[in-house]
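Chemist: Please see the structure below; I have some questions.
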Amino acid sequence: MTRTDQPRHGRTTRRRDVLISGASVAGPALAYWLNRHGYAVTVVEKAGSLRHGGYPVDVRGTAVEVVRRMGILPRLRDAHVDLRRLTFLDEDGEEVASVSPHTVSGGAAGRDVEIRRGDLTAALHAAVRDDVEFLFGDSIDTLDRSGPGVDVTFRRGSRRTFDLVIGADGVHSHTRAMLFGPEERFHRYLGYCFAVFTMRNTLGLSHETVMWNSPGRAAALYAVGDGDEVHAFLNFACPEPPFDAFGDPRAQRALVEEVFAGAGWEVPGMLAALREADDLFFDGVSQIRMPRWSSGRVALVGDAAYAPSFLTGQGTSLALVGAYTLAASLAGADHAEGFAAYERTTREFVTLNQDLVGQGEATLFPTTARALRQRNEMLRGLRSLPSAEGRPAHSALTLPELPRRE
């Protein structure tokens, strides 16, 4: 993609070049806002194309305002999953309670959006694809920060220099590892592992989730519509991260089968589907907590900097809000000033949402029989309650206005 310098105050000023690693949520959202304020943006993504499908994600609170300002909120509302019911089962497969999903998650019915990850990614990409360079099927190999810019060598062999580099490459960020060291320094394991995959909708579920629990184990079937497939979810307590299983799908399947051996309800059928699934995603439940999110001309955004874990339901929203505040902080500022402002603006909001662990979705997975009984009694008491109006942390940050382009 060829760009020309932009005239400003009657003279030509070179646009600052930014490389963003990652084209999921934070990456294209940041690309949109930086491009809007005069940056020449390149996004590199190791996958060969946009990832379609995927499990549903939530856009809540302040993040809804971000996508409204991007102009994509109507498209997201059209793709809204509209989950209507969350049914809990006991170890024998008997119903404990059936409640509004928002009652448990803390979402705000009618305001927040739940959408398949692939639909959100497609909407973000469509908003910026004509103005930003995307390099699919490639990734950053090395960063050299010894010069006035950042010299980047890509895995496919090319070399380029950028004024700034932003890592938006997820929980297991390669950019973060190059910049700050091993993931273990910032990884806060929360004591669970999970597996997600798709399987046949043998129960005829529609716009609903059904969850089975025993102490330390949960199995859920999630129907985003009334189609032939559902998302299968298997979550289990695991005191130490199973490092031998990470990166080894065969070991992952073996571990999940061992943990769920003898489980009732639909779990045997889920394990059978797991053996054949070609879209298995397995990981530990964890957060990323860092004392700072930048070093020199390189910074991090989204899960790479502050993954909150799915137990908070806020990963996507933090990515969208962080992309906006980072761009707002960099607009009209040098990188040192901008990165410092980004942390001042965003860190308290991030911490509030990371601290939601222990509320909402986190209560879904008790590890002892006593805790499970208490959880079930709490759920029975929710039967007659209205949908929640959103947790305060979801909307705890007021977005700064981005300066007008000159």
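The values are calculated or read from the model by the stated rules, or taken from the named source; none is laboratory data. Note that the structure is predicted; figures quoted are calculated from it, not measured. Note that we place each Cβ from the backbone using ideal geometry, even for glycine, and neighbour counts take in every protein chain shown. The accessibility values were calculated without ligands, DNA or RNA, using every heavy atom of the protein model including side chains. Shrake-Rupley method; radii C 1.70, N 1.55, O 1.52, S 1.80 Å.
Chemist: Any residue at all in segment 86-103 that is closer than 30 Å to V321 by Cβ, at pLDDT 90 or above and not hydroxyl-bearing (S, T, Y)?
Modeler: Yes, there is a match, as at least one residue in segment 86-103 is closer than 30 Å to V321 by Cβ, at pLDDT 90 or above and not hydroxyl-bearing (S, T, Y).
Chemist: Among the numbered criteria (1) in a loop (DSSP other than H, G, I, E, B); (2) at pLDDT 95 or above; (3) of a type in the set (A, V, I, L, M, F, W, C), which one does A333 miss?
Modeler: (2)
Chemist: Would you please name the residue that is most open to solvent (accessible area, probe 1.4 Å), looking only at residues in segment 213-231 that are closer than 19 Å to A79 by Cβ and part of a strand (DSSP E or B)?
Modeler: Restricting to residues being closer than 19 Å to A79 by Cβ and part of a strand (DSSP E or B), the top hit is E229.
Chemist: Tell me, please, whether a residue that is at pLDDT 95 or above, in a loop (DSSP other than H, G, I, E, B) and touching a Phe, Trp or Tyr at 6+ places or on another chain (Cβ under 6 Å) can be found in segment 200-212.
Modeler: no
Chemist: Can you pull out the residues in segment 162-197 that are open to solvent by 40 Å² or more (accessible area, probe 1.4 Å), under 13 Å from A305 (Cα atoms) and in a strand (DSSP E or B)?
Modeler: H187, R188
Chemist: So which residues in segment 274-308 are aromatic (F, W, Y) and either part of a helix (DSSP H, G or I) or closer than 28 Å to G149 by Cα (or both), if there are any at all?
Modeler: W293, Y306
Chemist: Which residues, taken from segment 50-68, are open to solvent by 60 Å² or more (accessible area, probe 1.4 Å) and at pLDDT 95 or above? Break it down into steps so the answer makes sense when it comes.
Modeler: Quick first cut of segment 50-68, residues open to solvent by 60 Å² or more (accessible area, probe 1.4 Å) only: 51-52, 55, 68.
Within segment 50-68, R68 is the sole residue that qualifies.
Chemist: Got at least one residue in segment 117-127 being in contact (Cβ under 8 Å) with a residue 40 or more places away in the chain, open to solvent by 50 Å² or more (accessible area, probe 1.4 Å) and part of a loop (DSSP other than H, G, I, E, B)?
Modeler: Among the residues of segment 117-127, not one is in contact (Cβ under 8 Å) with a residue 40 or more places away in the chain, open to solvent by 50 Å² or more (accessible area, probe 1.4 Å) and part of a loop (DSSP other than H, G, I, E, B), which makes the answer no.
Chemist: Starting from segment 149-161, keep only residues that are part of a strand (DSSP E or B), then list their pairs with residues that are among the aromatic types (F, W, Y) whose Cβ atoms are within a distance under 7 Å, requiring at least 6 positions of separation or different chains.
Modeler: Sorted first by the residue in segment 149-161, then by its partner, the pairs are V150/F162; V152/F162.
Chemist: Here's another thing I want to ask about it. May I ask you to list the residues in segment 329-348 that are more than 21 Å from the chain's Cα centre (by Cα) and open to solvent by less than 70 Å² (accessible area, probe 1.4 Å)? Quick ask: steps written out before the conclusion?
Modeler: Keep residues of segment 329-348 that are more than 21 Å from the chain's Cα centre (by Cα), which gives 329-341, 344.
The answer is S329, L330, A331, A333, H335, A336, G338, F339, A340, A341.
Chemist: Hey, another quick one. Quick one: how many residues across segment 250-292 are open to solvent by 60 Å² or more (accessible area, probe 1.4 Å), modelled with pLDDT of 95 or more and under 22 Å from G170 (Cβ atoms)?
Modeler: Within segment 250-292, residues that are open to solvent by 60 Å² or more (accessible area, probe 1.4 Å), modelled with pLDDT of 95 or more and under 22 Å from G170 (Cβ atoms) number 3.
Chemist: Starting from segment 294-307, take each residue that is touching a residue at least 40 places away in the same chain (Cβ under 8 Å) and list its partners that are of a type in the set (K, R) and in a helix (DSSP H, G or I), counting only C-beta distances under 7 angstrom and pairs at least six apart or across chains.
Modeler: Here the result reads L300/R176; A304/R176, each pair linking segment 294-307 to a residue that is of a type in the set (K, R) and in a helix (DSSP H, G or I).
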